[in-house]
């Protein structure tokens, strides 16, 4: 059984990064998909600590201080896949790798840009979503059907309850298109008709922004998907994490202790 988690770390400060590391160390996940990473010391600390412990870390370089995504795995990689998603409009917001699982799987951590009402940010988000979907649709069938996508999509579904105003057709198209090309929302698969929330607005309204989807050959391998609100409740981030368990066979790397003595003050 393979356990994975995705969590938006909100460009964690040094102090919050240490707390996030403690939380992740207690979990012992096989795959960790981080979103809203940054070029700051908090993200650097998290990624370097995992690397030193023997995990594989995939991080596309940030561009001009933008936020991004990272993939951390204690399952051996059979290939870092930078070329798979190099046509996405903001490559730093995607981290992809091929994992040595049985059956072979491809994993993608993705952080879709947020936006306000400005034309520039709306266009930026639409270009990213359009380019991401184009890449996914053009993948060879075997890769697409064995793809696991997770992260902060910054969109809600067209049937979200409540259906918050202000979302545009291209935003609804992200989830609709994934469904149309054979992907399954792991949480909806496990708990149909349950409206989940991963982010709570200032007015107390809930939004489902964070997801894990699997390709057409993997739904029968889904064993569990839950939203972990402890990350919000403990102040580790303002997003709930998403945990998924998949029936995949894999040999794990021998990794060291994450909770070492080093302080983030060293960076």
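Numerical summary
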quantity	calculated
Cα gyration tensor shape of the stretch 143-267, rounded if a/c is under 1.5, else prolate or oblate by comparing a/b with b/c	oblate
Shape category assigned to the stretch 1-154 from the gyration tensor of Cα positions, a/c cut at 1.5	oblate
For 255, 208, order by how many other beta-carbon atoms lie within 10 Å, fewest first	255, 208
Choice from 88, 194, 31 with maximal GNM fluctuation in the chain (Cα, 10 Å cutoff)	194
Cα gyration tensor shape of the stretch 93-196, rounded if a/c is under 1.5, else prolate or oblate by comparing a/b with b/c	oblate
Antiparallel %, DSSP beta bridges [both residues in the stretch 2-256], to 5	80
Top of 105, 251, 130 by mean-square fluctuation, Gaussian network on the chain, Cα under 10 Å	251
The chain: relative contact order in percent, alpha carbon pairs under 8 Å with at least 6 residues between	23
Reported label for calculated Rg and Dmax of the Cα atoms in Å given [x] 18.3, 64; [y] 17.3, 49; [z] 17.8, 55	[y]
Top of 212, 58, 181 by mean-square fluctuation, Gaussian network on the chain, Cα under 10 Å	181
Value of relative contact order over the stretch 92-211, rounded to a whole percent, pairs C-alpha under 8 Å and six or more apart	23
Förster radius 51 Å - calculated FRET efficiency between residue 19 and residue 181 (Cβ-Cβ, nearest 0.05)	0.85
Cα centroid separation, the stretch 141-193 to the stretch 54-75 (Å)	23
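Every number in this text was worked out from the coordinates using simple rules, so none of it is lab data. Since the model is a prediction, treat every value here as computed from it, not as a measurement. Here Cβ is always computed from backbone atoms with ideal geometry, including for glycine, and neighbour counts include all displayed protein chains.
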